[in-house]
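I have placed the structure first, in the form of structure tokens, so that the comments after it can refer back to it.
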Amino acid sequence: MATFVLVPGADGSAWYWHLVVPELRAGGHDVVSLDLPAQDSADLDTLADAIAGAASEAVAEAGREGRESGPLILVAQSLAGFSAPLVCARMHVDRMVLVNAMVPRPGETAGEWWEATGQPAARLARAEADGRRGPDAEFDLRTDFFHDVPPAVTEEAFAAAPGGPPSAVFAQPWPLEKWPDVPTRFVQGTEDRFFPLEFQRRVVRERLGLDVEELPGGHLLALSRPRELAAALMREA
């Protein structure tokens with residue numbers, strides 16, 4: 001049994017993981033997901049404090065119930081690649097899994113990451129390879145993120161109050177001197193239109209020295225392929 005801490009991406013909503021949570025619990029694991037702080041002044045450290053607090057409470061709750069909490073596995077989606085690693089400086093983390101995530105370099109802001117990695121050009125090249133050119137190639141939330149998410153789940157997402165990351169998250173330089181000394185895996189959707197597969201293979205190899213683990217699906221794997229993603233997460237739990 002493990003304790004999974006599921007960190008959402010840019011929208012900051014625990015709802016993103018709502019289809020994965022029951023899959024992990026059915027496998028006998030403890031799971032915690034959380035809504036990230038939304039105030040505009042919340043920076044990477046604020047988010048990391050919130051994640052560490054939720055993780056610590058999950059471990060404490062297991063102790064109060066007389067259970068072993070098992071290894072703590074931190075799972076970070078997309079933009080959470082900037083905040084989740086900071087948790088490793090705040091508490092013991094056994095393993096980390098990045099899912100379609102941004103991988104920062106020391107001193108780099110999340111606002112600088114896009115041009116530094118070449119993401120805009122990679123996204124546009126993928127759009128054109130798919131036959132979307134001109135105005136059709138411009139970023140669109142449904143086209144780039146929800147293209148493989150079931151319609152009912154998509155409509156539920158769009159019916160919710162719009163969320164978004166605090167601006168401070170994009171302004172704070174990544175404060176760690178190097179990637180945490182924690183075993184790390186990288187899971188990537190092969191049909192991700194926002195962070196295309198070949199782009200991620202290059203960035204992850206250059207910045208982490210890792211190969212990506214491929215799963216069918218787009219950028220929002222927890223919504224489009226929850227069972228497959230849960231199975232991948234449990235592979236080493």
*Quick one: would you say residue 190 is under 23 Å from residue 81 (Cβ atoms) and of a type in the set (Ser, Thr, Tyr)?*
yes
*Out of region 113-127, which residues are in contact (Cβ under 8 Å) with a residue 40 or more places away in the chain and either touching a Cys at 6+ places or on another chain (Cβ under 8 Å) or surrounded by 15 or more Cβ atoms within 10 Å (Cβ to Cβ) (or both)?*
117, 119, 122, 123, 125, 126, 127
*Scan region 34-83 residue by residue and report those that are more than 19 Å from the chain's Cα centre (by Cα), of a type outside the set (A, V, I, L, M, F, W, C), surrounded by 14 or more Cβ atoms within 10 Å (Cβ to Cβ) and under 27 Å from residue 168 (Cβ atoms).*
56
*Would you check if residue 233 is touching a Phe, Trp or Tyr at 6+ places or on another chain (Cβ under 6 Å) and either assigned to a loop (DSSP other than H, G, I, E, B) or crowded, with 20+ Cβ neighbours inside 10 Å (or both)?*
no
*asked:* Every residue in region 181-215 that is in contact with a strand residue (DSSP E or B) (Cβ under 7 Å, 6 or more places away or on another chain) and part of a loop (DSSP other than H, G, I, E, B), please.
replied: 182, 183, 190, 210, 212
*Considering each of 187, 204, 212, 169 in turn, give the residue that is under 18 Å from residue 5 (Cα atoms) and either of a type outside the set (D, E, K, R) or modelled with pLDDT of 95 or more (or both).*
187
_Taking the condition of being in a loop (DSSP other than H, G, I, E, B) and more than 22 Å from the chain's Cα centre (by Cα), how many residues in region 127-152 meet it?_
5
*Candidates 153, 169, filtered to the one that is under 28 Å from residue 112 (Cα atoms) and either of a type in the set (A, V, I, L, M) or surrounded by fewer than 13 Cβ atoms within 10 Å (Cβ to Cβ) (or both)*: 169
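Going by what's in this entry, would residue 176 be described as assigned to a loop (DSSP other than H, G, I, E, B), more than 17 Å from the chain's Cα centre (by Cα) and of a type in the set (A, V, I, L, M)? Let's see the steps before the verdict.
Working: assigned to a loop (DSSP other than H, G, I, E, B): yes; more than 17 Å from the chain's Cα centre (by Cα): yes; of a type in the set (A, V, I, L, M): yes.
So residue 176 passes the test.
Rundown of residues vs (1) under 22 Å from residue 224 (Cβ atoms); (2) among the charged types (D, E, K, R), yes/no style:
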| site | (1), (2) |
| --- | --- |
| 88 | no, no |
| 122 | yes, no |
| 128 | no, yes |
| 131 | yes, no |
| 155 | yes, yes |
| 165 | yes, no |
_Index of the failed condition, residue 109 passing every other in (1) surrounded by 15 or more Cβ atoms within 10 Å (Cβ to Cβ); (2) of a type outside the set (Gly, Ala, Ser); (3) modelled with pLDDT under 95_ = (3)
*When region 172-192 is examined, which residues are found to be touching a Gly at 6+ places or on another chain (Cβ under 7 Å) and closer than 18 Å to residue 113 by Cβ?*
173, 174, 192
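The values are calculated or read from the model by the stated rules, or taken from the named source; none is laboratory data. Computed from a predicted structure; not experimentally measured. FYI the Cβ positions are ideal-geometry reconstructions off the backbone, even for glycines, and counts take in every protein chain you see.
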